[in-house]
1. Given the protein chains as shown and a 1.4 Å probe, how many square angstrom of Leu78 are accessible, to the nearest 10?
2. Have a look at Asn13, Ala141, Thr60 and report the one farthest towards the positive end of the charge dipole of the chain, computed about the Cα centre with Cβ charges (Lys/Arg +1, Asp/Glu -1).
3. If you average the sequence gap of Cα pairs under 8 Å that are 6 or more apart and divide by the length of segment 92-186, what percent do you get for the contact order?
4. Mind running the shape call on segment 98-194? Use the C-alpha gyration tensor, a ≥ b ≥ c as the square roots of the eigenvalues: rounded below 1.5 for a/c, prolate if a/b tops b/c, oblate otherwise.
5. Expected output is a single nm value to one decimal: the length gained when fully extending between Arg186 and Asp5, i.e. 0.36 nm times separation in residues minus the C-alpha distance. What is it?
6. Of all beta bridges DSSP finds with both residues in the chain, what is the antiparallel percent, to the nearest 5?
7. Taking the Cα centre of the chain as the origin, how large is its charge dipole in debye, to the nearest 20, when only Lys and Arg (+1) and Asp and Glu (-1) carry charge on their Cβ atoms?
8. Determine, from the Cβ-Cβ distance of Asp116 and Leu157 and an R0 of 25 Å, the FRET efficiency 1/(1 + (r/R0)^6), rounded to the nearest 0.05.
Amino acid sequence: MAGVDLPFACDCNKLRGTLLGVSPDNGTRAECFCHDCRAAEVFAGQPDPAPGAVQLYQTTPDRVRFDDGLDQLAVFSLSEKGALRWQAQCCGAMMFLTTRSAKVPFTSLRTDRLADDSPLGPIKARAFVRKPNGKRGHEGAAAFILGMLTRVLPRRLNGKWKQTPFFDAATNTPVRDIYLVSPAERDNLHLPKY
């Protein structure tokens, strides 16, 4: 399935772009209940989504094009080895999550950045869902893993991993300096237990 192009934007509309060739076949719609996704939202000045989840569309960076306001793109990480969380510095809106290396061509877009998320299809995976016994588990992990492998591996082999707006492919460094959230800053987020 070829898919459709969907515009995305931050809350104040200064940072805008297009998600290219979107369909349920070339991305996985997921939701995440993890502590880090919650912490990232709060650190960025957004409301804590708990008890709800952060809604994501997992795809590859070559499907992301920034059309305007690229100077507003910023990135932070909650730990030295953690995922990179990309936001609009103009309004604090969370936008994308990537790995720390262009060589792992994976990204997740926050679906609330899209005016119309219906072309993404249904949610296929749920991460860190609280179970009746109080523990957390995953639902649809096979869909997530299979989807990631079928998108990431071919791009590693055919060189498409270099087509990313998030990294300089020649140096494998992010296009913005990473702000590393300190342990003290993270402790000051005061996330309620959920």
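1. Using a 1.4 Å probe on the heavy atoms, I get roughly 20 Å².
2. The Cα lying farthest towards the positive end belongs to Ala141.
3. Result for segment 92-186 is 28 percent.
4. oblate
5. On the way: separation 181, 0.36 × 181 = 65.16 nm, distance 3.62 nm.
Separation in residues times 0.36 nm, less the Cα-Cα distance, equals 61.5 nm.
6. On the way: 35 of 41 bridges.
Given both bridge residues lie in the chain, the antiparallel proportion sits at roughly 85 percent.
7. Values: 26 positive and 20 negative charges, 155 e Å.
I would put it at about 740 debye.
8. The formula returns an efficiency of 0.15 here.
The values are calculated or read from the model by the stated rules, or taken from the named source; none is laboratory data. Keep in mind the model is a prediction, meaning the values are calculated, not measured. Heads up, the Cβs are rebuilt from the backbone with ideal geometry, glycines too, and the neighbour counts pull from every protein chain shown. Note: accessible area is taken over every heavy atom of the protein model, side chains too, but ligands, DNA and RNA are not part of it. Shrake-Rupley method; radii C 1.70, N 1.55, O 1.52, S 1.80 Å.
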